[in-house]
Amino acid sequence: MLVVLQRNQDEVGRQAARMISGAVRRNPFVRLGLATGATMVGVYRELVRLHREEHLDFARVVTFNLDEYLGIPPSHPQSFHSLMQQHFFSHVNIPRNSIHIPDGTITRDYDAYCEGYEQAIRDAGGIDLQLLGIGRNGHIGFNEPMSSLGSRTRIKELSAETIEDSRKAFGPQEMPQCAITVGIGTILETRRVLLLATGAFKADAIAKSIEGPVSASVTASALQLHRDVTFLVDEEAGSLLTQKPYYEHVLKMTQALMPERLS
Ligand code: F6R
C-alpha cells in the first residue's frame, strides 16, 4: 500500500488526474473503473483540462462506473449517469459504446443483469485502474458495512449514513433506498486501485481502512488485500493516521526507485 498525504482537495484531485492521465498515455486502450461523488469532481475537471490543453486522448479508453442508484432514470439530475455526463463524458472523446454505467431503471432479473455487468468487465479484459472514493462509513462503491468481502455486482441496500449523506443532493425529492454496485471481490480483481479521500469527516474511515483490521464493518479495509493500491488523502482525511512518518519514508523511496508508481 502506498499512502500519499497531500495538503488539500485540489492537490489530491491533481495528483489523481496525473496518475490517470499517465495510465492513458502509457496504454491508450486502458480500462478505467470510475467513481462519482464530490471527491471526484476535481479529478474530472483536471482530466478535462488535460484533454483540452494537453491533447490527452480518450478515444480508445473503455470505462466502467462502479455504481448507480436503483429506481431513477439516467436523465435524473442526481443519477450517476447525469453526474458523469456533466463532469466528464460530455467534455472528452470517449466513444459512447465504450462507456458502461449500471442501469438504475431495471425492475426485474437483477441477478442476470448484474452478472451481465461482471461479464462485460471480463470481456473487456478486466479493469486496469480503479478510481475509488470512500464513504464516511468506509464504503467503497456502495458496498456498505457488512457487505461480503467476496461480493460481486449486485443490488445493495443503502445504509442510514449513506442515505443521510445523499439526501443533501436529492433535497425534498424521494431518495433511492438501494443501488447497483460492483462488489468488493470485483474491486479486488482490478489491477491497480487509486482511493481518494478529503475532509475531516473521512478521517475515521481512512484510519480504519489503512491501519485497522480487515473487516466487513469497514469495507475499504479489504483493500489491504489488494496488490497495488494507492491512497491519496488530504491533511484532514489523514489526520487520524498514526504512521505518517513511515508513509512519507515509503513515498520518498518509491519516488526514487519506482517513480512510475506515481505517474
Ligand atoms: C460513488 C461511490 C461512493 C463515493 C463515496 C464518497 O460512485 O462509489 O463510494 O465515492 O460515497 O462520496 P463523496 O466523494 O461524495 O464523499
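Structural remarks
- Verdict on Arg191 being in a loop (DSSP other than H, G, I, E, B) and at negative phi: yes
- So Ala203, is it in a helix (DSSP H, G or I), within 16 Å of the chain's Cα centre (by Cα) and at pLDDT 95 or above: no
- Residue check for Gly133: under 23 Å from Val30 (Cβ atoms), surrounded by fewer than 24 Cβ atoms within 10 Å (Cβ to Cβ), within 13 Å of the ligand (Cβ to nearest atom) and within 16 Å of the chain's Cα centre (by Cα): yes
- Counted residues, the range 3-13 - those being closer than 16 Å to Thr230 by Cβ and not in a strand (DSSP E or B): 3
- Qualifying residue in the range 60-72 (condition: surrounded by fewer than 22 Cβ atoms within 10 Å (Cβ to Cβ), of a type outside the set (Asp, Glu) and farther than 20 Å from Tyr117 by Cβ): yes
- Criterion (basic (Lys, Arg) and under 18 Å from the mean Cα position of the chain (by Cα)) met by exactly one of Arg108, Arg18: Arg18
- Qualifying residue in the range 83-99 (condition: closer than 23 Å to Glu174 by Cβ, in contact with an Asp or Glu (Cβ under 8 Å, 6 or more places away or on another chain), within 16 Å of the ligand (Cβ to nearest atom) and at pLDDT 95 or above): no
- Close pairs (7 angstrom Cβ cut-off, 6 or more residues apart or separate chains): under 19 Å from Val24 (Cβ atoms) in the range 242-263, among the charged types (D, E, K, R) anywhere: Ser263/Arg18
- In the range 162-183, residue surrounded by the most Cβ atoms within 10 Å (Cβ to Cβ) [restricted to those that are within 12 Å of the ligand (Cβ to nearest atom) and in a helix (DSSP H, G or I)]: Thr162
- The residues in the range 232-263 that are in contact with a Ser or Thr (Cβ under 6 Å, 6 or more places away or on another chain) and modelled with pLDDT of 95 or more can be counted, and the count is 2.
- Entirely in the range 14-69, the strands (runs of 3 or more DSSP E) that have 3 or more residues that are of a type outside the set (Phe, Trp, Tyr) and within 16 Å of the ligand (Cβ to nearest atom): 31-34
- Selected residue (criterion: farthest from the ligand (Cβ to nearest atom)) from residues of the range 113-130 that are more than 17 Å from Val12 (Cα to Cα) and under 14 Å from the mean Cα position of the chain (by Cα): Asp128
- Boolean, Val233 is more than 24 Å from Arg26 (Cα to Cα), out of contact with any Leu (no Cβ under 9 Å at 6 or more places or on another chain), within 16 Å of the ligand (Cβ to nearest atom) and of a type in the set (A, V, I, L, M): no
- Top-ranked residue of the range 1-10 - restricted to ones that are within 16 Å of the ligand (Cβ to nearest atom) and surrounded by fewer than 19 Cβ atoms within 10 Å (Cβ to Cβ), ranked as nearest to Ala237 (Cα to Cα): Asn8
The values are calculated or read from the model by the stated rules, or taken from the named source; none is laboratory data. These figures come from a predicted structure and were not determined experimentally. FYI the Cβ positions are ideal-geometry reconstructions off the backbone, even for glycines, and counts take in every protein chain you see.
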